[in-house]
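Undergrad: What follows is a single structure, and I will ask about it in a moment.
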Amino acid sequence: MTAIAKPRHRVAAGSRPMPAAGFLRGEPGTAISLNAPVPTLRDRSEDVRAGWRQTNARANDATMNNGWIAGVVDQVVSLMIGTELRLNAKPDMTAFGFDAEQTSAWARMVEKRYAIWSSQPYECDAGGRYTMGQIQAAAVRQWFATGEIVAEVPWIPRAGAETATKVRLLPSHWLSQQTDIANRLYHGVRLDGDGMAVGYVFEINDPLRGLRQYERRARDRFARPQVVHVFDGMAGQVRGITPLAAALKVTRQFDQLADATLTAAMIHAIFAATIESDYPTSDVMASLQDEDEASDLAGAFEAFIGQKGDWHKKVNIDLGRHGKIAHLMLGEKLKLHGSEHPNSSYEAFANHLLREIAACLGVMFEDLTGDFRGATYSSVRMGIAKKWPLMEYRRRHIPGRLATSAYQAWLEEEIDAGRIPLPGGVDAFVANRSSVTRCDWRGPPKPQADDVKAMKAHEGWYGLGVMSQEMIANDLGVDHEDVQEQLAREKANRERLGLPDPLIGLSRGAPAEPTEPADEASEPPRQGAA
């Protein structure tokens with residue numbers, strides 16, 4: 001039997017070393033780092049399943065009890081949602097023979113109807129408490145705490161309500177932690193052969209029957225959404241995990257630093273004075289007591305005090321009295337100590353930890369701390385420019401997906417009930433669901449460090465023809481069609497009242513001059529009239 005020679009990792013002395021390549025191959029300086037525990041490389045779904053409950057529990061606690069985290073979550077909600085994500089319907093109606101004008105008119109009608117439904121808690125919320133804007137904000141907070149959004153879209157007819165489509169936001173931990181590979185159940189999510197979620201297993205605590213488990217289909221037989229499950233992750237994931245996971249260790253370190261610094265400062269504040277004396281500690285402490293604190297003085301120091309007589313008669317050292325002058329005996333010194341905490345390095349190290357937390361949350365350091373010392377217009381503008389694409393990504397793929405699912409279910413009911421006309425009715429809608437429900441969601445505008453400079457930039461891009469009014473309106477967080485319709489109404493009202501148009505001359509730099517002299521008995525000239 002032929003022996004297989006093993007590769008030699010070392011060469012003989014004086015011979016030329018063989019070239020080598022690879023990661024972490026034992027170069028000098030890597031031995032210490034390689035002594036650390038080696039992480040296991042496995043599917044991300046297994047990592048999420050193993051640490052889901054403990055990690056999300058800590059993150060949920062941080063969103064409630066850590067002021068930095070709670071504050072930045074509220075700020076992200078305000079930037080991502082504002083008052084509410086506004087529907088921007090962009091349907092493709094070519095299958096119905098609509099031209100551009102008909103498609104625009106139909107989309108405007110849908111947007112107006114949706115605004116009515118989403119603004120009324122009695123219409124959109126299963127519990128009748130929240131508007132869609134509040135539901136979206138709560139969903140974002142839940143995503144920060146647990147990394148996923150779970151909601152139901154039930155059918156609840158209600159007296160006095162126009163629609164039966166409702167939204168019910170559910171706690172993420174209601175989803176089961178159970179895994180049954182034989183039945184394609186992974187971490188509470190049932191998958192089909194292609195890996196698509198077709199059902200969800202919930203576990204809830206029933207006050208009467210205890211822990212109860214039930215399963216809900218993801219969609220009904222007409223593909224109407226029944227359960228909405230939103231998360232952001234990697235290949236193979238079936239559940240989400242909090243985006244705060246990477247910041248939990250740093251958050252804990254900051255809390256420990258703050259607690260230790262505060263404790264040290266309090267200790268120094270309490271023990272802020274010492275007495276240097278040759279006498280026993282018990283005797284010195286006894287000499288500092290009032291008559292109300294101790295009826296007599298004990299020990300050898302009592303005889304000495306009696307001999308001194310008037311010197312120590314009614315002498316009391318009380319650091320709580322402002323302006324009190326204490327007289328000590330010969331050879332004794334009173335030293336006052338100031339607190340040395342926080343020290344000079346505290347702020348620098350604390351800011352270092354806060355910067356790591358801000359990077360994990362996807363916000364600027366100034367957003368997290370509210371500290372703009374040393375920030376300039378250029379630095380703030382660059383920071384916003386780098387972080388804003390992440391905000392837009394999260395807006396579209398986190399609360400936007402929840403809003404889209406609710407919008408699809410609502411529009412199906414509106415078309416089925418005949419409140420929104422569509423050629424072919426609900427059957428045509430089901431056959432063309434993706435094309436009919438194509439949409440965007442508008443949120444608050446991107447923050448600007450200087451509105452005047454932003455306006456000049458928009459004006460320049462618009463003049464070059466590379467930016468449209470719709471794009472400018474999107475940057476400002478408004479609907480260009482709403483703006484144009486409102487401007488038309490205001491123009492008509494000004495013409496009716498004979499008021500000048502303030503918009504005239506903006507494109508030419510100055511108001512237009514009247515072509516004919518005004519007659520004193522005639523109506524005042526109306527600038528901007530066609």
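The values are calculated or read from the model by the stated rules, or taken from the named source; none is laboratory data. Note that the structure is a prediction, hence the values are computed from the model and not measured. Neighbour counts run over all protein chains shown; Cβ positions are idealised from the backbone, glycine included. Surface accessibility is based on the protein's heavy atoms, side chains included, excluding ligands, DNA and RNA. Shrake-Rupley method; radii C 1.70, N 1.55, O 1.52, S 1.80 Å.
Undergrad: Take residue 446 and decide whether it is over 27 Å from residue 411 (Cβ atoms), among the basic types (Lys, Arg) and part of a loop (DSSP other than H, G, I, E, B).
TA: When the stated conditions are applied, residue 446 passes them.
Undergrad: Any idea how many residues of region 458-485 are assigned to a helix (DSSP H, G or I) and in contact (Cβ under 8 Å) with a residue 24 or more places away in the chain?
TA: Of the residues in region 458-485, 3 are assigned to a helix (DSSP H, G or I) and in contact (Cβ under 8 Å) with a residue 24 or more places away in the chain.
Undergrad: While we're here: Within region 407-423, is there a residue that is small (Gly, Ala, Ser), open to solvent by 80 Å² or more (accessible area, probe 1.4 Å) and either assigned to a helix (DSSP H, G or I) or more than 28 Å from residue 170 (Cα to Cα) (or both)?
TA: There is no residue in region 407-423 that is small (Gly, Ala, Ser), open to solvent by 80 Å² or more (accessible area, probe 1.4 Å) and either assigned to a helix (DSSP H, G or I) or more than 28 Å from residue 170 (Cα to Cα) (or both).
Undergrad: Output the residues belonging to region 160-200 that are assigned to a loop (DSSP other than H, G, I, E, B), closer than 20 Å to residue 135 by Cβ and open to solvent by 40 Å² or more (accessible area, probe 1.4 Å).
TA: Answer for region 160-200, where residues must be assigned to a loop (DSSP other than H, G, I, E, B), closer than 20 Å to residue 135 by Cβ and open to solvent by 40 Å² or more (accessible area, probe 1.4 Å): 162, 171.
Undergrad: I want to confirm something. Restricting to region 110-151 and keeping residues that are polar (S, T, N, Q) and not in a helix (DSSP H, G or I), which single residue is most open to solvent (accessible area, probe 1.4 Å)?
TA: By that ranking, first place goes to 120.
Undergrad: Of all the residues that make up region 183-210, how many are under 31 Å from the mean Cα position of the chain (by Cα) and small (Gly, Ala, Ser)?
TA: The number of residues fulfilling the criteria is 4.
Undergrad: Please determine, by comparing only the residues of region 436-457 that are of a type in the set (Val, Ile, Thr) and touching a residue at least 24 places away in the same chain (Cβ under 8 Å), which one is nearest to residue 389 (Cα to Cα).
TA: Restricting to residues being of a type in the set (Val, Ile, Thr) and touching a residue at least 24 places away in the same chain (Cβ under 8 Å), the top hit is 437.
Undergrad: Continuing with this model, one more query. Pairs only if they're at least six apart or on different chains, beta carbon under 8 angstrom, first in region 216-227 and touching a residue at least 24 places away in the same chain (Cβ under 8 Å) and in a strand (DSSP E or B), second among the acidic types (Asp, Glu) and open to solvent by less than 100 Å² (accessible area, probe 1.4 Å); list them, first residue then second.
TA: Cβ pairs passing all conditions: 216/152; 227/152.
Undergrad: Looking at 49, 58, 53, can you tell me which residue is in contact with a His (Cβ under 7 Å, 6 or more places away or on another chain), assigned to a helix (DSSP H, G or I) and either open to solvent by 60 Å² or more (accessible area, probe 1.4 Å) or at pLDDT 85 or above (or both)?
TA: 49
Undergrad: If we keep just the residues of region 65-81 that are part of a helix (DSSP H, G or I) and of a type outside the set (A, V, I, L, M), which is least open to solvent (accessible area, probe 1.4 Å)?
TA: Among those residues, the one meeting the criterion is 71.
Undergrad: Considering region 344-386 alone, what residues qualify as being among the charged types (D, E, K, R) and open to solvent by 80 Å² or more (accessible area, probe 1.4 Å)?
TA: Answer for region 344-386, where residues must be among the charged types (D, E, K, R) and open to solvent by 80 Å² or more (accessible area, probe 1.4 Å): 347, 355, 356, 373, 381, 386.
Undergrad: Let me ask something else about it. Collect the residues in region 207-224 that are open to solvent by less than 60 Å² (accessible area, probe 1.4 Å) and more than 30 Å from residue 410 (Cβ to Cβ), keeping them in residue-number order.
TA: 210
Undergrad: Of everything in region 387-406, what is farther than 19 Å from residue 138 by Cβ and either open to solvent by less than 10 Å² (accessible area, probe 1.4 Å) or not hydroxyl-bearing (Ser, Thr, Tyr) (or both)? Give them in sequence order.
TA: Once the filter is applied, which keeps residues that are farther than 19 Å from residue 138 by Cβ and either open to solvent by less than 10 Å² (accessible area, probe 1.4 Å) or not hydroxyl-bearing (Ser, Thr, Tyr) (or both), region 387-406 yields 387, 388, 389, 390, 392.
Undergrad: Being in a strand (DSSP E or B) and crowded, with 19+ Cβ neighbours inside 10 Å is the filter here, so list the residues in region 82-109 that pass it.
TA: Those that are in a strand (DSSP E or B) and crowded, with 19+ Cβ neighbours inside 10 Å: 86, 87, 89.
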